[in-house]
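In what follows, a single structure is set out as structure tokens and then discussed.
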Amino acid sequence: MNSYLIRNVSVLGAAPTDLLLRDGVVAEAGPGLSAPGATVVDADGLVALPGLVDLHTHLREPGREDAETVETGSRAAALGGYTAVCAMANTSPVADTAGVVEQVWRLGREAGLVDVQPIGAVTVGLAGERLAELGAMADSAARVRIFSDDGHCVADPRLMRRALEYVKAFDGIIAQHAEEPRLTEGAQMHEGEVSTRLGLTGWPAVAEEAIIARDVLLAEHVGSRLHVCHVSCAGSVEVLRQAKARGVRVTAEVTPHHLLLTDARAETYDPVYKVNPPLRTATDIAALRAALVDGVIDIIATDHAPHAVEDKECEWAYARPGMLGLETALSIALDVLGPEWDLIAERMSRTPARIAGLTEHGHDPAPGAPANLTLVDPAARRVIDPAESASRSRNTPYARMALPGRIVATFLRGEATVLDGKAVK
Ligand SMILES: NC(=O)N[C@@H](CC(=O)O)C(=O)O
């Protein structure tokens, strides 16, 4: 095993110090360390954060290896500063059995770039009709604790209740894609002024708000844990705020794109901006940002959704929804929140690790902590070039934009996965 002496790094914005990574942990911290044989990393001007944890990543394997594989997605994650990602279940076949979740988990271990924690489907084939083998997935080598039909809503309230009841036995979580399907039939973008002008069928905010309202009541009734995926509307924030005030066991995520981009992007008719839930309004963005700061929204999750060129570079109506996120999430967080390192660590590492039960992750770099961390250059600005992405897909909405911050190095259990801004393997 290699050891690394990181020189003059600012841990979460504090005064510069040295960190020695050895045997998978932060072995020592303090100014002027010496460690013969260790690889020296000059970290002047860099900030160390606990390795980021993504609760919502689409890795596409098995089934759409042309869009992403566990390995390419893991590499994109490491380059984005992540040390763990939770892989969504909408693969082909769907991750609705112990066999498929174990396959994804093994592929993650083999790639060895981030810890890949599979999420299991709630219903068989994401069809919303019968519960999947939740217990078998929980008992498998992958030890699944989060279940989601993401991409689809668990629309049937009785099924949602049963799922919440079932996972309560092992303190599992149902992560809901909140979209009342009857209200979004044929929807192409946010329902509002822009959709009216463009003549595109709208996805009304109430389709999200109504499911969240129902689900927090169900979670409260059952006493189980609910997680709300990709919250996109101001009204949803208010529903969550009330539920949390009543003590409902609910957590919620927001994506980087919903914190930055509005539905006005649809005016370009460029399907790179087509995403589910859709980009909303400036009012929604303001409410989401405020909720992220005050904690009503617990975490930033990427919803990294790679798509092959033929599924994205076509007419808007035929394009698949979704955009890349892993390699740009920290930059968007910096842009939106500023250099609020403790808040960024809380929303992108500690809290998602805690929600997912990933006990090795989400620890600030300090002696004895697992050496899962990332080094950021906050002064760097980079212009996003889709061709440079480590993802197999190219559907980033930030092409040609100059974004703040650059990941210089990432360490997983004390081994570098990224050095000098480049993937190590
Ligand atoms: N977020 C997206 O726009 N796309 C997701 C699934 C989904 O939520 O529709 C995908 O898997 O591509």
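Please treat every number below as a calculation from the coordinates, not as lab data. From a predicted model like this one, the values you see are computed outputs, not experimental measurements. A quick note on method: Cβ atoms are made from the backbone with ideal geometry, for glycine too, and the neighbour counts reach across all protein chains shown.
Numbers at a glance
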| quantity | calculated |
| --- | --- |
| At most 14 other Cβ within 10 Å, DSSP loop - chymotrypsin sites (Phe, Trp or Tyr not before Pro), segment 86-186 | 170 |
| Unit charges at the beta carbon, dipole of segment 99-168: most positive-side option, 167, 127, 112 | 167 |
| Residues 209, 267, 133, sorted so that the one with the fewest Cβ neighbours within 10 Å comes first | 267, 133, 209 |
| Pair residue 106, residue 309: separation of 7 Å Cα→Cβ label points (nm) | 3.3 |
| Calculated diffusion of segment 262-365, Stokes-Einstein form, Kirkwood radius summed over Cα pairs, 37 °C and 0.692 mPa s, µm²/s | 214 |
| Check: segment 50-356 dipole with +1 on Lys, Arg Cβ and -1 on Asp, Glu Cβ, in debye | 860 |
| Per-residue Cβ neighbour rank within 10 angstrom, fewest leading, 316, 203, 341 | 316, 341, 203 |
| Max mean-square fluctuation residue, GNM over the chain, Cα-Cα springs under 10 Å, options 168, 312, 274 | 168 |
| Nitroxide proxy distance, nm - points 7 Å out along Cα→Cβ at residue 402 and residue 158 | 5.9 |
| Cα long-axis angle, helix 70-79 against the chain (0 to 90 degrees, to the nearest 10) | 60 |
| Other-chain or far-sequence residues with amide H under 5 Å of residue 115's (modelled H) | 84, 85 |
| Residues 189, 1, 401, 323, sorted so that the one with the fewest Cβ neighbours within 10 Å comes first | 1, 401, 189, 323 |
| Charge dipole (debye, nearest 20) of segment 55-108; +1 at Cβ of Lys and Arg, -1 at Cβ of Asp and Glu | 120 |
| Cα-centre dipole for segment 269-326 with unit charges at Cβ (Lys and Arg positive, Asp and Glu negative), debye to 20 | 100 |
| ³J(HN,Hα) computed for each position of segment 179-186 - Karplus, 6.51 cos²θ - 1.76 cosθ + 1.60, integer Hz, glycine/proline x | 8, 5, x, 5, 8, 10, 4, x |
| Positive-end residue of 227, 409, 309, charge dipole of the chain with Cβ unit charges | 227 |
| Prolate/oblate/rounded call for segment 50-356, Cα gyration tensor, a/c under 1.5 rounded | rounded |
| Most fluctuating residue given options 283, 57, 328, as computed from a GNM of the chain linking Cα atoms under 10 Å | 283 |
| Shape category assigned to segment 161-285 from the gyration tensor of Cα positions, a/c cut at 1.5 | prolate |
| Cα gyration tensor shape of segment 101-204, rounded if a/c is under 1.5, else prolate or oblate by comparing a/b with b/c | oblate |
| Computed helical MRE - 222 nm, the chain, DSSP H runs ≥ 4 contributing -39500 (n - 2.57), nearest 500 | -8000 deg cm²/dmol |
| Cleavage-rule hits, GluC sites (Glu not before Pro), segment 303-388, DSSP coil, Cβ neighbours within 10 Å at most 13 | 315 |
